[in-house]
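Everything below concerns the one structure shown next.
Derivation of every value follows stated rules applied to the coordinates shown; laboratory data play no part. The structure displayed is predicted, hence computed values, not measured ones. Positions of Cβ are generated from backbone atoms using ideal geometry, with glycine treated the same way; all protein chains shown enter the neighbour counts.
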Amino acid sequence: MKKSTDLLQLHRVSKSFPATLRGGEPIHILESIDLAIAPSRAIAITGNSGSGKSTLLQIAAGLMSCNGGEVWFEDQLLGELDSDALSSLRSRRMGFIFQASLLLEDFTAIENVEIAAMIGGSTKAEARSKGRDILDLVGLSSRLSHRPDQLSGGEKQRVAIARALVNEPAILFADEPTGSLDEGNAAMVEELLFSLVKKKGVALLLVTHNLAFARRCDEIQRISDRTLEVIE
Ligand SMILES: Nc1ncnc2c1ncn2[C@@H]1O[C@H](COP(=O)(O)OP(=O)(O)O)[C@@H](O)[C@H]1O
Ligand SMILES: [Mg+2]
């Protein structure tokens, strides 16, 4: 497989989790999934709780291996990369946002973003400047020196977005990024996420239960019975 202009390609990906130590059948989560994302495209993944959305996202991002099939990112087969190569690829080319912001609690907003920039290869001075620029874009110029416990839920997610985008990734993986926010903050974070993704030409793989949010993507896919189907 491979050789197309897609940024990310899943080809016949299957995943099952082994039976527990106490016995029982392996749990089959994904069965022969095909999915392709072109540069700058946005795809939403919906599906019931427990249907395998997070599993799919983690496999697509090389955070989890699959039992069958292939995952290609640009011209690389993820299954052939060792863990250092995978980490390096992830920190330079991919961004992640989860339902919880997962910021480092002992560091300020700008430090959280700078650390990500330095892991992505920036010098300290470059990281500071990139951190300021991106936090400005998410509207947090006045919160640079606040630690996560001094920020609201919406502000923390905005820092998480800044951190995810500071290295100018080719793709952003977002797993229910507004799932823990109230309606007002969810709408604001959603607006910010889409405007930045479009502005920077970043591809987006978004897991969401919110159909209105999903409809802002170019395509909506639903997981059910271990397979994906395009619904819109
Ligand atoms: N590491 C794991 N070991 C065993 N089962 C798992 C593991 N991770 C997820 N699962 C199971 O896989 C199914 C799909 O999980 P998940 O991808 O988190 O679903 P979703 O994100 O759609 O809610 C669930 O039944 C979950 O319990
Ligand atoms: Mg999930």
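Can you give me the three principal axis dimensions of the chain from its C-alpha atoms, in Å, biggest first?
In descending order, the Cα extents are 51, 41, 37 Å.
Going by average Cβ density within 10 Å per residue, which order do the peptides 119-132, 84-97, 160-173 take, highest to lowest?
160-173, 84-97, 119-132
Before rounding to the nearest 500, sum -39500 (n - 2.57) across all DSSP H runs of length at least 4 in the chain and divide by the residue total; then give [θ] at 222 nm in deg cm²/dmol.
-10500 deg cm²/dmol
Report, in listed order, any pair from Lys53/Lys156; Lys53/Lys130; Lys15/Lys130; Lys53/Lys198; Lys156/Lys200 with a Cα-Cα distance greater than 28 Å.
Cα-Cα > 28 Å for Lys53/Lys130; Lys15/Lys130; rest within.
From zero up to wherever the largest Cα-Cα distance of the stretch 1-108 sits, split into 10 Å bins and tell me the percent of pairs in each.
P(r) over the stretch 1-108, rounded to whole percents: 12, 40, 33, 13, 2.
Whole-Hz Karplus ³J(HN,Hα) for the stretch 150-159, in order, using 6.51 cos²θ - 1.76 cosθ + 1.60 and θ = phi - 60°, x for Gly and Pro?
Working through the residues one at a time gives 9, 10, 6, x, x, 5, 4, 5, 5, 5 Hz.
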